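To keep things clear, I will list the structure first and then write my remarks on it.
The values are calculated or read from the model by the stated rules, or taken from the named source; none is laboratory data. All figures in this text were calculated on a predicted structure; none of them were measured in a lab. Cβ: placed from backbone, ideal geometry, glycine included. Neighbour counts: every protein chain shown.
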Amino acid sequence: MTNYQSNQALSQYGRVHTQGGIEAANPHQLAKMLFDGALSSIAGARGHMQRREVAAKGESISRSLGILSGLRVSLDFERGGELAERLDGLYEYMGHRLVYANLHDDVAALDEVADLLRPIRDAWAQIPAGLHDPRRAAEAA
């Protein structure tokens, strides 16, 4: 993740209003925080939708969309190749489903996005600490 991408992702995460050491986070930790923030916002949107809190639902979905946008911007297509391309398409699809969920009060669409995002977040969290820094990963290879 470049500094510009990290700054954009930080900006998106800051809008989620979650706690944590964001300023001290490395790019790997930041991505994990973004996944957690998106999942938290989706869960919030679900609750707001069920309680018919239209404005709050829209705000939560907007935060989720912003975070997905930050994740998309942080993709490195040169080094990530096909995986980055597939994630880009998946994040785009998730964004469309969130918009659909918002327009149609569709809890199932929110659940679908959360179900797609959760395994990516879990896989990301399982990356060994030594591979979090791209320079260390290159040295280990």
For this session: Only helices (runs of 4 or more DSSP H) wholly contained in the range 31-141 count here; list those with 1 or more residues that are under 15 Å from the mean Cα position of the chain (by Cα).
Result: 54-73, 77-104, 107-125
For this session: Tell me, yes or no, whether the range 108-120 has at least one residue that is modelled with pLDDT of 95 or more and over 21 Å from G70 (Cα atoms).
Result: yes
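Residues checked against (1) in contact with a Gly (Cβ under 8 Å, 6 or more places away or on another chain); (2) surrounded by fewer than 16 Cβ atoms within 10 Å (Cβ to Cβ):
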site: N26; (1), (2): no, yes
site: L30; (1), (2): no, no
site: L34; (1), (2): yes, no
site: S40; (1), (2): no, no
site: M49; (1), (2): no, no
site: K57; (1), (2): no, no
site: G66; (1), (2): no, no
site: S74; (1), (2): no, no
site: F77; (1), (2): no, yes
Exercise. Quick one: is D76 acidic (D, E) and at pLDDT 95 or above?
Worked result: no
For this session: Could you tell me whether A125 is among the aliphatic types (A, V, I, L, M) and modelled with pLDDT of 95 or more?
Result: no
Exercise. Are there any pairs, at least 6 apart or on different chains, whose C-beta atoms fall under 9 Å, with the first in the range 30-59 and more than 17 Å from V99 (Cα to Cα) and the second of a type in the set (V, I, T) and part of a helix (DSSP H, G or I), and if so, which?
Worked result: L30/I22; M33/I22; L34/I67; F35/I67; F35/I120; G37/I67
Exercise. Is it fair to say I67 is modelled with pLDDT of 95 or more and at negative phi?
Worked result: yes
